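Down below is the structure, laid out as structure tokens.
Computed from the coordinates by the stated procedures, all read-outs in this text should not be read as laboratory data. From a predicted model like this one, the values you see are computed outputs, not experimental measurements. Heads up, the Cβs are rebuilt from the backbone with ideal geometry, glycines too, and the neighbour counts pull from every protein chain shown.
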Amino acid sequence: MSRALIIVDFQNDFTPGGELAVPDGDSIAAKLNELAASGDFDLVIATRDWHPADHSSFKVNGGPWPVHCVAGTLGAQLHPALDQTRIDVIVDKGQDVATDGYSGFAGTDLDEILRERGVTDVTVAGLATDYCVKNTALDALRAGYGVTVDPGAVRGVEIEAGDSERALAEVRSAGGVLA
Ligand code: VGL
Ligand code: ZN
């Protein structure tokens, strides 16, 4: 068994002060660093939401979200509290203008990278529980990986109260482990 940590979208725009701030999003920084440094993982991946400026998920383009994580901007950079010396690979997603790109597997090499390294199991952490963490975890299950989500290492947008809890329940019903 080989295990990877996938740190989803721990970026400036998803943390307080950012364009699509997840409440308390920065509070998981120490937990993420601890996981990445734990020695429990053979591979540590960080995904970044990395949108073109005309992305369809932006309100100005008819979508649900404020402009966020435009490729190359400060808001799209990984949060400075994340210890990048522990990150082996950065995977950029959300680059297709027409699709939401919530999942780290959507339109990326993530599956290939994991298979190449013989990864069988992934732990998914980061932001946001109810969007990109959820979709990444569900896609990992569909792709045949064993999936764990650490509820202490994720935070949600919570457009509706309970969204994060429902997202975690969905991951568990699909075969994921909450630990
Ligand atoms: C995300 C909304 C829009 C996320 C990305 O990282 O969860 N949420 N784009
Ligand atoms: Zn996005």
Segment 35-63, residues that are assigned to a helix (DSSP H, G or I) and within 17 Å of the chain's Cα centre (by Cα): L35, A36
Run down D88, D96, D111 and say which single residue is without any contact (Cβ under 8 Å) to a residue 40 or more places away in the chain and away from ligand 1 (no atom under 16 Å from the Cβ). D111
Suppose we filter A125, A137 for residues that are free of Cβ contacts under 8 Å to residues at least 60 places away in the same chain, surrounded by 17 or more Cβ atoms within 10 Å (Cβ to Cβ) and under 25 Å from S164 (Cα atoms); which single one remains? A137
Given the conditions (1) within 17 Å of G25 (Cα to Cα); (2) assigned to a loop (DSSP other than H, G, I, E, B); (3) touching a residue at least 60 places away in the same chain (Cβ under 8 Å), and given that G118 satisfies all but one, which numbered condition is not satisfied? (1)
Given the condition part of a loop (DSSP other than H, G, I, E, B) and in contact with a His (Cβ under 7 Å, 6 or more places away or on another chain), answer yes or no: does some residue in segment 105-112 qualify? no
The residue that is nearest to ligand 1 (Cβ to nearest atom), considering only those in segment 42-62 that are out of contact with any strand residue (DSSP E or B) (no Cβ under 7 Å at 6 or more places or on another chain) and in contact (Cβ under 8 Å) with a residue 24 or more places away in the chain, is H55
Qualifying positions in segment 126-153 - within 12 Å of ligand 1 (Cβ to nearest atom) and part of a strand (DSSP E or B): G126, L127
Going through segment 48-70 one residue at a time, which ones are of a type in the set (A, V, I, L, M) and surrounded by fewer than 13 Cβ atoms within 10 Å (Cβ to Cβ)? V60
